[in-house]
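In what follows, a single structure is set out as structure tokens and then discussed.
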Amino acid sequence: MLSKSQAKTFFLGGTIVTFAVFLALSWTSLSNEVPKRTHEENLTPQVVRGKQIWEANNCMGCHTIMGEGAYYAPELTKVYERRGEGYIKAALMSKTPWSPRGRKMVAYGFSEQQANDVVAFLKWIGETDLNGFPPKPDLKK
Amino acid sequence: MKYRSQKVAYWFFALSMLLLSLQLVYGFIMGFAHMGYDGLHSVVAFNTARAVHTNLLVVWLLSGFMGAAYYIIPEEAENELASVKLAYAQLISLAVVGVIAIVGYHFNYWEGRKFLEIPRPLDYLVVVNVLTFLGIILVTLFKGKKRTTTALVLTMGLVFAALLYLPGMIWFDNQAIDSFFRWWVVHLWVEGVWELIMGGILSFLLIKITGVDREVIEKWLYVIVGLTFISGILGTGHHYYYIGVGKIWIIVGGIFSALEPLAFLGMALFAIAMYRKGEKKHPNKIALSWTLGTAIVSFVGAGLLGLAHTIPQVNMYTHGTLVTAMHGHLAFWGAYAMIVLAIISYAMPNLTGRKLYDTTTGLYAFWLSNIGMLGMTVAFGVAGVAQVYLERKVGLEFGDVQKEIQVHFLILVSCATMFTTGICMYIYEFVKHGRPSDEALVTQ
Ligand code: HEM
Ligand code: HEM
Ligand SMILES: [Fe+2]
């Protein structure tokens, strides 16, 4: 039967090998894949400002983006394509809670400039290559 | 208890209980909001409630782990804690950082990254706090008479957990990279190093409760934590399928994450086998229930319900829906909440000298909370599957789908009420034990 020291070797060996493979894969993903798939050349200062606003207000606390976040409000990865700039800006600049279907959004009352930054961020997100996510509803007529 | 300094653990457990009860309050706020009753929107918006709910969860679990370490390490190392004063200072600073963070979330002071909402300046305080904690534990361990495998695995888990907090503190302009490293914290915690902490505590409890030979228990502990890392590290890839970091993860993440349930299966079989094998039956029935319970429920919540959506073709549809919340609840409950409640149930009679081993309230607490949580899991699951179908297959609008599934949140809140009743009974028992006392010291 397995001895305690063999069990220990299994633990240490397995950990070291898989961790090394993990680091190597992470390295290739970050250096080769991400720049292409996220179109890093389009990552303008405006997009970055949009991301800062996104984080400072914890938008992820209600919405998901790239499928990550909360489940209270719509997935926003493709929102630019789905709703267009005007609609998004109206929601962001509204001084009363935006609630097209009953559920309320926080009334941020952003300035035009801030709203433009967030729109730029969402447009950039919408153009990343996410291996087909979100899926197209295949029963939709 | 065998060492005077173990008493510190009590206060970490007490902090844990306090934060747990607050966590549930914010859970109800969200449950009602999902049902359409968002009367608190202008005071506690959903994103505030959520950040508070999940951060309180993490902090009460960490406080529980720290208490567990302060209880277990002296006994395993056969040495008093290096510094009791520092341990109390660390407790207070943990509570203070927690309170500032939670209050801040009500005033838009946060960093909107799921689970890592604590703002950067507070992160540094967390680092200082955790370093102090680790310092005390490491000095106690290395100056002690013994270095057991159980103590080493537990300590290793705590040290790695601290190290893995760091990648979450770096700012990235690119959302994909931001998310990539966020998972180094979130995934490698719950599906990696926290399992070492769980394994260490579980092994300690099994040694004490079943009386099976330490060598046998610790051998299997190595096998389990080996399985954890072999599957869990590359299993991180199951969060990389659809965030713009490449295709390779669909294969690597798919295969290795599908192996992750093995570690939890191992944990369950291990606990049951040792229980059967054990000759001396410890009189603390409540602690035994929680110990076996955590091993089994973690396999269901993390193992089986994780497996249910880790296959890339399934995850494409369920990714970021209420299906994830279903799994998140039972996994956190089974693996980490229950192990903390197990060590508390075991430690309290020893710390205070009041042997409430087999009370009705204690058993009701166990069953009501577990059945309530299972019911909540089913409610989230049904709501989630309906959401996936209507939104991602049929293509209805998000808001329209949410109206369709509102009724499931009535069930959720009902089951949550049952769950909360169980937790209240648990806390009642906790309070009834009274304070730790030197009279409870046993000399051998
Ligand atoms: C105790 C261990 C575990 C805990 C506490 C846990 C908890 C969680 C939580 C809270 C999330 C949501 C994360 C987020 O979206 O930010 C999540 C996601 C996920 N978990 Fe686990 N989990 C555990 C183990 C597992 C295991 C063993 C598997 C696989 C077999 C698994 C598969 C998944 C998958 C595929 C997701 C992504 C869901 C999505 O795409 O939205 N989990 N887990
Ligand atoms: C009174 C009981 C509880 C209620 C009513 C409740 C309700 C909720 C709700 C409504 C959400 C938000 C889902 C969303 O984003 O829309 C949530 C999130 C979460 N809760 Fe609870 N909860 C309760 C107790 C617990 C307990 C005991 C735990 C852990 C053991 C827990 C762990 C979590 C986690 C990890 C998340 C994040 C899930 C994810 O992002 O996938 N909750 N809870
Ligand atoms: Fe994971």
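Filtered by the rule that a residue be within 11 Å of ligand 3 (Cβ to nearest atom) and among the aromatic types (Phe, Trp, Tyr), the range B:242-258 gives a lone residue, B:256. Set side by side, the residues A:51, A:4, A:95 differ, and just one is within 7 Å of chain B (Cβ to nearest Cβ), open to solvent by 40 Å² or more (accessible area, probe 1.4 Å) and among the basic types (Lys, Arg), which is A:4. For the range B:145-162, the tally of residues that are of a type outside the set (Lys, Arg), surrounded by fewer than 20 Cβ atoms within 10 Å (Cβ to Cβ) and closer than 30 Å to residue B:216 by Cβ stands at 4.
Table: residues versus (1) among the charged types (D, E, K, R); (2) within 12 Å of ligand 2 (Cβ to nearest atom); (3) free of Cβ contacts under 8 Å to residues at least 24 places away in the same chain.
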residue	(1), (2), (3)
B:3	no, no, no
B:13	no, no, no
B:45	no, no, yes
B:51	no, yes, no
B:56	no, yes, no
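Restricting B:195, B:218 to those that are open to solvent by less than 10 Å² (accessible area, probe 1.4 Å), modelled with pLDDT of 95 or more and within 13 Å of ligand 1 (Cβ to nearest atom) reduces the list to B:195. Among the residues of the range B:163-192, the ones that are surrounded by fewer than 19 Cβ atoms within 10 Å (Cβ to Cβ) and outside any helix (DSSP H, G or I) come to 4 in all. Within the range B:391-412, the set of residues being assigned to a helix (DSSP H, G or I) and either open to solvent by less than 40 Å² (accessible area, probe 1.4 Å) or within 9 Å of another protein chain (Cβ to nearest Cβ) (or both) comprises B:391, B:392, B:393, B:398, B:399, B:400, B:401, B:402, B:403, B:409, B:412. If only residues of the range A:98-141 that are in a helix (DSSP H, G or I) and at the interface with chain B (Cβ under 10 Å from one of its Cβ atoms) are counted, the one that is farthest from residue B:30 (Cα to Cα) is A:124.
Inside the range B:49-76, can you point out the residues that are open to solvent by 10 Å² or more (accessible area, probe 1.4 Å) and either modelled with pLDDT under 95 or over 17 Å from the mean Cα position of the chain (by Cα) (or both)? Passing the criteria: only B:75. Of the helices (runs of 4 or more DSSP H) contained entirely in the range B:252-371, those carrying at least 2 residues that are over 22 Å from residue B:424 (Cβ atoms) and either open to solvent by less than 20 Å² (accessible area, probe 1.4 Å) or modelled with pLDDT of 95 or more (or both) fall at B:261-277, B:285-298, B:305-310, B:312-318, B:322-331. Residue pairs whose Cβ atoms lie under 6 Å apart, sitting 6 or more positions apart in sequence or on different chains, and linking a residue in the range B:288-311 that is without any contact (Cβ under 8 Å) to a residue 40 or more places away in the chain to a partner that is among the hydrophobic types (A, V, I, L, M, F, W, C), are B:292/B:271; B:296/B:268; B:299/B:264; B:299/B:265; B:299/B:268; B:309/B:323. Which condition breaks for residue B:337 when tested against (1) within 16 Å of ligand 3 (Cβ to nearest atom); (2) under 22 Å from the mean Cα position of the chain (by Cα)? Status for residue B:337: all satisfied but (1).
The values are calculated or read from the model by the stated rules, or taken from the named source; none is laboratory data. These numbers were taken from a predicted model, which means no experiment stands behind them. Because the Cβ atoms are built from the backbone with ideal geometry, glycine has one as well, and the counts that use them run over all protein chains shown. Just so you know, the surface numbers come from the protein's heavy atoms only, side chains and all, with ligands and any DNA or RNA stripped out. Shrake-Rupley method; radii C 1.70, N 1.55, O 1.52, S 1.80 Å.
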